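Worksheet: the structure to be examined is printed underneath.
The values are calculated or read from the model by the stated rules, or taken from the named source; none is laboratory data. What you are looking at is a predicted structure, and each value in this text was computed from that prediction instead of being measured. Counting neighbours? That spans all protein chains shown, and the Cβs are built from the backbone with ideal geometry, glycine included.
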Amino acid sequence: MSDALAIGVDVGATKIASALVARDGSVLAARQTETRVRDGGDALFARIAAQVNALASQANAPLAGVGVGAPGWVNPAQGVVLNAVNMNWENVALAQAIQTRLAVATSVYVQNDVKAAALGEWLFGAARGARDFFLLTIGSGLGSAAMANGALLDGAQFLASELGHLAIDPHGRLCNCGHSGCAETVLSGRGLIAETRAALARGIASQLRDAAALTTHEIIAAALQDDAAACAALQVMGEWLGIVIASGVAWLNPARVILGGGLGIAAYDVLMPIAQPEVMRRVLPGSDRDLMYARVQVTSSAVGAAALAFLAE
């Protein structure tokens, strides 16, 4: 169906974003509502279905389907979220729960949200034309997804490409996963704040010293003004980013590395000049030849989810 549209839904812990998307990735209509996890699963599924039904009613062409990007550990073959801590979900048949509440007959596809975002970049954004790439998203944690030889990597247990849990420093900070020194203990919002606090504790001069509560926005703004503590924290973050990218290059030999996530986008121009030399220091000679770095280009998370439906045709 060359003229078909798709509906994408991005389910987050705080909001549900959805969009009616054309085959070129353009958004024809969009909706958003609070997730309200505390209301329970049935109410949440009903809110998702209500958004999809409203968008479907605006479609002036056939629907290729509904794609849903969900947080956590997802089995896309069965449309099941195996575990999503922030949603209090375990073994939730999300595709079925949504499909039974739809007013239109169409298929529902579910995938991990970062993997859905990677597919969106491949169809519509910075990964177009690349058969081998990986995406890193720096936000509250470090998400990642990879494509090799034109195929998304899922893994035997659907947990491939969890670069956020590479043990960069086995004696480092405790990660939310229960292990120590995972990459996302530095490459995340809380990691940047922790590194800045550590710099302040070492006595590094900073305009942030009197801040009541540090935020990533304040730290990045301070770094752009050459604040010593903020720059020291971002230096560590950039070096760790380089180590993670180098590890990905060793495993996957990608043509492109794409950086996204709220913090990744905001700090891109600071982090990448630090990370790239670190990559060059650590990879096999020639493995980074012609390697391209890019920001994400698909800024709507729901568009990436819609890619699931287009690719399933």
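Can you pull out the residues in segment 238-265 that are under 15 Å from G189 (Cα atoms) and either in contact with a strand residue (DSSP E or B) (Cβ under 9 Å, 6 or more places away or on another chain) or surrounded by fewer than 18 Cβ atoms within 10 Å (Cβ to Cβ) (or both)?
The initial filter retains those residues of segment 238-265 that are under 15 Å from G189 (Cα atoms), namely 238, 240-241, 259-265.
Within segment 238-265, L241, L259, G260, G261, G262, L263, G264, I265 qualify.
Anything in segment 16-55 that is within 17 Å of Q111 (Cα to Cα), out of contact with any Asp or Glu (no Cβ under 6 Å at 6 or more places or on another chain) and either part of a strand (DSSP E or B) or of a type in the set (K, R) (or both)? List them, or say none. Selection gives I16, S18, A19. Residues in segment 249-293 that are among the small types (G, A, S), assigned to a loop (DSSP other than H, G, I, E, B) and either touching a His at 6+ places or on another chain (Cβ under 7 Å) or under 25 Å from G141 (Cβ atoms) (or both): G261, A267. Restricting attention to segment 188-244, the residues that are under 24 Å from V257 (Cβ atoms) and touching a residue at least 40 places away in the same chain (Cβ under 8 Å) total 20.
Among the conditions (1) among the polar types (S, T, N, Q); (2) within 24 Å of W122 (Cα to Cα); (3) part of a loop (DSSP other than H, G, I, E, B), the only one that Q58 does not satisfy is (2).
In the condition set (1) in contact with a Leu (Cβ under 9 Å, 6 or more places away or on another chain); (2) exposed (fewer than 15 other Cβ atoms within 10 Å of the Cβ); (3) closer than 23 Å to G155 by Cβ, A77 is compliant with all but (1). Among the residues making up segment 14-33, those that are within 19 Å of the chain's Cα centre (by Cα) and surrounded by fewer than 16 Cβ atoms within 10 Å (Cβ to Cβ) are T14, K15, Q32. It is to be established whether one or more residues within segment 151-163 are touching a Lys or Arg at 6+ places or on another chain (Cβ under 7 Å) and surrounded by fewer than 24 Cβ atoms within 10 Å (Cβ to Cβ). Checking segment 151-163: at least one residue is touching a Lys or Arg at 6+ places or on another chain (Cβ under 7 Å) and surrounded by fewer than 24 Cβ atoms within 10 Å (Cβ to Cβ).
If a residue must be part of a loop (DSSP other than H, G, I, E, B) and small (G, A, S), how many such residues does segment 134-186 contain? Talk me through it step by step, then tell me what you get.
So in segment 134-186, the residues part of a loop (DSSP other than H, G, I, E, B) come out as 139-141, 149-150, 153-162, 166, 168-173, 175-179, 181, 186.
Cutting the leftovers down to small (G, A, S) gives us 139-141, 150, 155-156, 160-161, 172, 178, 181.
So the answer is 11.
Could you tell me whether any residue of segment 110-128 is in a strand (DSSP E or B), at pLDDT 95 or above and of a type in the set (V, I, T)? First the steps, then the outcome.
Filtering segment 110-128 for residues in a strand (DSSP E or B) gives 110-112.
Of the ones still in play, those that are also at pLDDT 95 or above are 110-112.
Retained after the next criterion (residues that are of a type in the set (V, I, T)): 110.
Checked segment 110-128: at least one residue is in a strand (DSSP E or B), at pLDDT 95 or above and of a type in the set (V, I, T).
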